[in-house]
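A quick write-up on the structure given underneath.
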Amino acid sequence: MRRPRVMLADDHTFLVDAFTRLLDPEFEIVDTVGDGRALLERAPGLRPDVIVLDLSMPVLDGMDAGVELKGILPHTKIVVLTVADDSEIAALVLRQWASGYLLKKSACWELAKAIREVIKGNTYVTPQIAKKLAEEFVQDPRLDRKKSLTFRQGEILQLLGEGRSTLETGAALNISTRTVAFHKYRIMREFGLKTNADLVAFAIQEGALRRPA
């Protein structure tokens, strides 16, 4: 019987090695990559059943890579594996392109289970995040709140709207690329933006950029 084919995308080599040893008895690890661009280049030729994806990677972060992957490999399941204990980010990626969301601190006992579930067509969310998502669904204080950008979100929107990468934006603001990515996708979720072009148009609308002549 063919073992499910799994690809790992994480820039922490020691974690990739640990996950490979953890999964190898049950799954075929077809490849491992350390950045989002390499993932997009190699995954289409391999067509894995499941991709385990870190959100914070160099060159191209996991958020942007996940969106592109879903368009390229619509039948491949994507499991996010991250340190980000953030239910807003979880809700966004699960709605748009991911089938699973796990925290790295619990990966040793959850990862294989999550992969089994998404292969069966189910969604798997680590219990800690699932509880938060359920609470927010029942009682969301933002439903009647006027949407507005925080000062930090405004800074990030301006720089991203100017065409800067998450790496360049983080360097300019002295924050991590992961923080930039989280704020970016909070903005996109809050204001219903789907693409980077939508983000630029929104930046112009909000006055963060000059309108093109």
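Of all the residues that make up segment 3-41, how many are charged (D, E, K, R) and free of Cβ contacts under 8 Å to residues at least 12 places away in the same chain? Give the steps one after another, and end with the answer.
Here is the first cut: in segment 3-41, the residues charged (D, E, K, R) are 3, 5, 10-11, 17, 21, 24, 26, 28, 31, 35, 37, 41.
Remaining after also requiring free of Cβ contacts under 8 Å to residues at least 12 places away in the same chain: 17, 21, 24, 41.
Within segment 3-41, residues that are charged (D, E, K, R) and free of Cβ contacts under 8 Å to residues at least 12 places away in the same chain number 4.
Would you be able to say whether some residue in segment 65-73 is in a loop (DSSP other than H, G, I, E, B) and either assigned by TED's automatic domain parsing to the domain that holds residue 187 or farther than 20 Å from residue 124 by Cβ (or both)? Spell out how you get there, then give the answer.
Quick first cut of segment 65-73, residues in a loop (DSSP other than H, G, I, E, B) only: 73.
From what is left, the residues that are either assigned by TED's automatic domain parsing to the domain that holds residue 187 or farther than 20 Å from residue 124 by Cβ (or both) are none.
No, segment 65-73 contains no residue that is in a loop (DSSP other than H, G, I, E, B) and either assigned by TED's automatic domain parsing to the domain that holds residue 187 or farther than 20 Å from residue 124 by Cβ (or both).
Considering only residues that are at pLDDT 85 or above and not in a loop (DSSP other than H, G, I, E, B), which ones fall in segment 193-213?
197, 198, 199, 200, 201, 202, 203, 204, 205
Residue by residue through segment 168-179, note down the ones that are modelled with pLDDT under 85 and among the aliphatic types (A, V, I, L, M).
Once the filter is applied, which keeps residues that are modelled with pLDDT under 85 and among the aliphatic types (A, V, I, L, M), segment 168-179 yields only 175.
Those residues that are in contact with an Asp or Glu (Cβ under 8 Å, 6 or more places away or on another chain) and of a type in the set (Asp, Glu), I need them from segment 44-69; list them, please.
54
Scan segment 108-129 and tell me whether some residue there is hydrophobic (A, V, I, L, M, F, W, C), modelled with pLDDT under 85 and crowded, with 17+ Cβ neighbours inside 10 Å.
The answer is no; no qualifying residue exists.
The values are calculated or read from the model by the stated rules, or taken from the named source; none is laboratory data. Since the structure is predicted, the reported quantities are computational estimates derived from the model, not experimental observations. As a convention, Cβ positions derive from the backbone with ideal geometry for all residues, glycine included, and neighbour counts pool all protein chains shown.
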